[in-house]
Amino acid sequence: MAFIDGHGQFTKPVLQIVSQTISSVTSVTINAGQADLGIDATITPQSSSSRILIMAAISFDTTRQNEAGGWRIKRGGPNGTLIGNAAQVGSRYAVHSGFQANADMDQSSRRTMILHLDHPNTTSSTEYSIVPYKRESNNMTVYLNRAKNDPSQADDGRYITTVTLMEFGN
């Protein structure tokens, strides 16, 4: 398998895969800024020239019907270096993936996908975290693996969140 990015062509196979599945239900309230929901995985690259493909499928909901924020990728844990983020333009907030809208907050949740190719330039253990971010200074709760309203009914689901890291050699 080969791929080409802005740094050249990578033709060596996948060197390793690390995957984390989160099935527990949790929530966090954000006033402004970011919070840690435990959406993370750690990999130790075999080469400093390797690329790490970060893939995540996040099941969530919020107390807002409109977007108001989104997901950010951090290398080095929840308080690490921001990577794979949109450029900030004007007064808009910058995230990797938005929260989306959800008008039916009783029986549905939201799902977002994260894909980013990183070059950590290290052979040290590297933690990648995906954190919810909110710019405004009023409280919003983010629920992981469930909808905002969570009645125990036959038509209401529970979900999982996964984070997968793939190391590609060069």
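The values are calculated or read from the model by the stated rules, or taken from the named source; none is laboratory data. Please read these numbers as outputs of a predicted model, since none were measured by experiment. Cβ coordinates were reconstructed from backbone atoms using ideal geometry, including for glycine residues, and neighbour counts include every protein chain displayed. Accessible surface areas use protein heavy atoms only, side chains included; no ligands, DNA or RNA. Shrake-Rupley method; radii C 1.70, N 1.55, O 1.52, S 1.80 Å.
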Quiz item: Residues with amide H under 5 Å of Thr63's amide H, sequence separation 5 or more or different chain, H placed in the peptide plane at 1.01 Å from N; which?
Solution: Thr141
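Within the stretch 68-170, report the GluC sites (Glu not before Pro) that DSSP leaves as loop and that have at most 14 other Cβ atoms within 10 Å. Could you put the intermediate results ahead of the total?
On the way: sites: Glu127, Glu136, Glu167; in loops: Glu136.
Answer by residue number: Glu136.
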Quiz item: Based on Cβ point charges of +1 for Lys and Arg and -1 for Asp and Glu, what charge dipole magnitude is obtained for the chain about its Cα centre, in debye rounded to the nearest 20?
Solution: 340
Self-check item: Ala57-Thr42 pseudo-label distance in nm [points 7 Å out on the Cα-to-Cβ vector]
Solution: 2.6
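Carbon and sulfur together cover what percent of the accessible area of the stretch 90-170 at a 1.4 Å probe radius?
Values: 1670 of 3810 Å².
After summing per-atom areas, the C and S share lands at 44 percent.
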Quiz prompt | Probe 1.4 Å, protein heavy atoms only - accessible area per residue of the chain in square angstrom | solution = 48
Exercise. Please turn the phi angles of the stretch 17-33 into ³J(HN,Hα) values with the Karplus equation 6.51 cos²θ - 1.76 cosθ + 1.60 (θ = phi - 60°), one per residue in order, whole Hz, x for glycine and proline.
Key: 10, 10, 9, 10, 10, 10, 10, 6, 9, 8, 8, 8, 9, 10, 8, 8, x
Practice problem: Inverting the mean 1/r over all pairs of different Cα atoms, compute the Kirkwood radius of the chain and quote it in Å. | Solution: 16.9
